[in-house]
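The values are calculated or read from the model by the stated rules, or taken from the named source; none is laboratory data. Given the structure is predicted, the values throughout are model-derived calculations rather than measurements. Here the Cβ positions follow ideal geometry from the backbone for every residue, glycine too, while neighbour counts run over all protein chains shown.
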Amino acid sequence: MWLLGLLLGGLRSPSLVWAQSSDAALIQTLRTGQEVEARRQAAVRLSKIDVTIALEPLMKALLADRSPLVRAACADALATLSAPAALSALRAATHDEDPAVRKKAEAAVEKLDKIAAEPVEKMVVFVVAPPAKPSKSAAAHAALLTRAYEEITKELQNSGDIELRDDLKSIQSSDNAFSIESSISNLSRRTTPRGELEVSCDLNVTISLLPGKRVVGIVSGGASTFSPRDSAARVTKAQAAELESQALTQSVQAATENLLSFLRGQRKTKTH
């Protein structure tokens, strides 16, 4: 097969642009720290920072850390963050080999399922379309940006707690409303040491609060796709274009997941 997507490639770089260095240090400790207790403490402390920054490293460590103490702490942290986007990882962790991790994951899933069942205020979202006549710098990515816009719109339409609007004038100051605009920060090709053609794509999504369009966050998603080993020299234009298309689709899916996590962290639960 010509397309071998990285399973976790889309989770490569979600972040808010103003993430503090201390947060980055916590994430680095969780990922590469040699001491179990240091990684466990990092997971605990990550539960107290912005969900958009903490979600991805906690999910990865929940499923991959070699210590059950750290995995259990990650399950607790994800429960504290209360992010529905963590449900898939937590459900996988309910089959962990360690009973303590399973118990923590099951408790977290139960909590998030209850949160998901609560009535919530729908978020109003306006997706900014690419310009009909892009600038010279954006012209090379014009077709891909149009596809990204279409795919993000489709993903949001399938979310039950999102109300898409196609007219800014219909949005009132009382709405829980956001404008989102996507841009391609990287689109590159290279030949790997294994002789594969690697195509990488990174997508940024800027989130603004409406009606004033004050920027409140930026999330991203990235992905890479590969041709088979020792095939880079034989890849045709059509095959390279297909690799590019798949990388874009995966990066859009990752960016949209991070976008929804961010937006859901902003929404308000209805009171009765």
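What are the residue pairs meeting all of these: first residue in the range 155-173, first residue closer than 19 Å to residue 208 by Cβ and touching a residue at least 24 places away in the same chain (Cβ under 8 Å), second residue of a type in the set (Val, Ile, Thr) and part of a loop (DSSP other than H, G, I, E, B), Cβ atoms under 7 Å, and 6 or more apart or on different chains?
As it stands, the answer is 165/171, since those pairs meet every condition given.
Among 34, 20, 28, which is at pLDDT below 95 and more than 21 Å from the chain's Cα centre (by Cα)?
34
Looking at (1) part of a helix (DSSP H, G or I); (2) modelled with pLDDT under 85, which one does residue 58 not meet, given that it meets all the others?
(2)
Yes/no per residue for (1) of a type in the set (Lys, Arg); (2) part of a helix (DSSP H, G or I); (3) under 16 Å from residue 186 (Cβ atoms); (4) in contact with a Leu (Cβ under 7 Å, 6 or more places away or on another chain):
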{"site": "220", "(1), (2), (3), (4)": "no, no, yes, yes"}
{"site": "224", "(1), (2), (3), (4)": "no, no, yes, yes"}
{"site": "228", "(1), (2), (3), (4)": "no, no, no, no"}
{"site": "233", "(1), (2), (3), (4)": "no, yes, no, no"}
{"site": "239", "(1), (2), (3), (4)": "no, yes, no, no"}
{"site": "243", "(1), (2), (3), (4)": "no, yes, yes, yes"}
{"site": "247", "(1), (2), (3), (4)": "no, yes, yes, no"}
{"site": "252", "(1), (2), (3), (4)": "no, yes, yes, yes"}
{"site": "262", "(1), (2), (3), (4)": "no, yes, no, no"}
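So is residue 212 at positive phi and not in a strand (DSSP E or B) or not?
Values: at positive phi: no; not in a strand (DSSP E or B): yes.
No.
Here is a list of conditions, (1) more than 19 Å from the chain's Cα centre (by Cα); (2) modelled with pLDDT under 85; (3) of a type in the set (Ser, Thr, Tyr); (4) surrounded by 15 or more Cβ atoms within 10 Å (Cβ to Cβ), and residue 173 meets all of them except one; can you say which number that is?
With respect to (1) more than 19 Å from the chain's Cα centre (by Cα); (2) modelled with pLDDT under 85; (3) of a type in the set (Ser, Thr, Tyr); (4) surrounded by 15 or more Cβ atoms within 10 Å (Cβ to Cβ), residue 173 is out only on (4).
Between residues in the range 50-63 that are without any contact (Cβ under 8 Å) to a residue 12 or more places away in the chain and residues that are part of a helix (DSSP H, G or I), which pairs lie under 8 Å by C-beta distance while being six or more apart or on different chains?
Once the first residue is without any contact (Cβ under 8 Å) to a residue 12 or more places away in the chain and sits in the range 50-63, no partner that is part of a helix (DSSP H, G or I) comes close enough.
Name the residues in the range 136-170 that are modelled with pLDDT under 80 and among the polar types (S, T, N, Q), would you?
If the condition is that a residue be modelled with pLDDT under 80 and among the polar types (S, T, N, Q), then 137, 158, 159, 170 are the ones that fit.
Quick check on my filter: what residues within the range 142-162 are touching an Asp or Glu at 6+ places or on another chain (Cβ under 9 Å) and more than 21 Å from residue 204 (Cα to Cα)?
Once the filter is applied, which keeps residues that are touching an Asp or Glu at 6+ places or on another chain (Cβ under 9 Å) and more than 21 Å from residue 204 (Cα to Cα), the range 142-162 yields only 161.
Name every residue in the range 219-250 that is surrounded by fewer than 19 Cβ atoms within 10 Å (Cβ to Cβ) and under 14 Å from residue 183 (Cα atoms), in order of residue number.
Once the filter is applied, which keeps residues that are surrounded by fewer than 19 Cβ atoms within 10 Å (Cβ to Cβ) and under 14 Å from residue 183 (Cα atoms), the range 219-250 yields only 249.
Out of 71, 45, report the one residue that is surrounded by fewer than 23 Cβ atoms within 10 Å (Cβ to Cβ) and more than 17 Å from residue 258 (Cα to Cα).
Only one candidate qualifies: 45.
For the range 74-100: of the residues being within 18 Å of the chain's Cα centre (by Cα) and not in a helix (DSSP H, G or I), which is surrounded by the fewest Cβ atoms within 10 Å (Cβ to Cβ)?
82
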